[in-house]
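Values in this text are rule-based calculations from the coordinates and carry no lab data. Just so we're clear, the structure is a prediction, and the values are computed from it rather than from any experiment. Neighbour counts run over all protein chains shown; Cβ positions are idealised from the backbone, glycine included.
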Amino acid sequence: MPVIAVVNRKGGSGKSTLATHLAAHFANCGVPVMLGDVDRQQSTQSWLRSRSLRHLPRSAPIVGWAVDPKRVLRPPPGVRHVILDTPGGLRGFDLARVVAFADVILMPVCNSIFDRESAADCFNEMMALPRVASGRCKVAAIGMRLDARTRAAEVLETWARGLKLPFIGVLREAQAYVRCVEQGLTVFDLPDAQAQADTAQWKPIVAWLDPILRTVRRPVLRGNPSVERQEPVAGARAEPVAVVDDAAPIIASALPAVEAVAPVALPRPTIVEPMPRAAPVRLGLFGWLTAPRFLHR
């Protein structure tokens, strides 16, 4: 399944806002999503708890995943996309681990010299990693909290062009984002008349993501190496798929109000002996986090 990581070293760049809105966009298109919170502040998990109290008939489930080494959970059957919200200051081994998991990395960037320099350093470090350098992990920037009355969007676009970094859209500074996130909502959950200006800004971002997500393939099912399925485009009619029962567990959040997706009623795949679990070794923020099988590349 496709994995989208939201990465920026600088705090306050809008990573959690971008991650929650991406998850809600796919969910409102009928695509079940897992929202992973790698940031120890657990901002997106608080948002999910608020969202679970809302009646949102148009939204598919958004399953939470928080960094918690004491609890594990297999990927819920039916989940199509994974969104990872990452902490600030990500570099070195921890940054390389996220890149190893991700198919797409989105960098939210505000228009200040500090934000641009921090994002440029992070992008240059990622470009030295094989998955990014080879194009297997796509990277793009998104302008965040931009004032339409200024030349901020033009400045950021010129900056990104100089780095040869795709600049795929801008999101304006609006109180709608603040009010929605406080209530466990997004601009995609508002009536069309109230959110038309904001949802229009998401169209080029989604248009850039769709062909990439379409080409990400599922892992081959054990016992039948010839089976390989493509991910559907967000909003497209999804066909039932078999779920790999022996998928490695992932670290998950205890959110009783967030419902997992109901399993698909299909014949079970061939049972195989599970691999022994390796003892965790602490190596920074991600050192103890065993890579789940559905994220292996």
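If the only charges are +1 at each Lys and Arg Cβ and -1 at each Asp and Glu Cβ, what is the size of the charge dipole of region 99-147 around the Cα centre, to the nearest 20 debye? All intermediate terms of the calculation are to be shown ahead of the outcome.
Numbers: 5 positive and 6 negative charges, 47 e Å.
Roughly 220 debye for region 99-147.
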Counting only residues 5 or more apart in sequence or on a different chain, those whose built amide H sits under 5 Å from that of Val31 are Ala60, Gly235
A chain fully extended from Glu154 to Thr215 at 0.36 nm per residue, minus the present Cα-Cα distance, gains in nm 18.9 nm
Per principal axis, largest first, the Cα atoms of region 1-47 extend in Å by 32, 20, 16
Here the FRET efficiency for Leu190 versus Phe93, based on Cβ atoms and R0 = 35 Å and rounded to 0.05, is 0.30
Counting sequence-distant residues (5 or more places) and residues on other chains, those with an amide H built under 5 Å from that of Cys110 are Met144
Length gained if Ser46 through Asp147 is fully extended, taking 0.36 nm per residue and subtracting the Cα-Cα distance, is 33.6 nm
Per its Cα gyration tensor (rounded if a/c is under 1.5, else prolate when a/b beats b/c, else oblate), region 3-215 is best filed as oblate
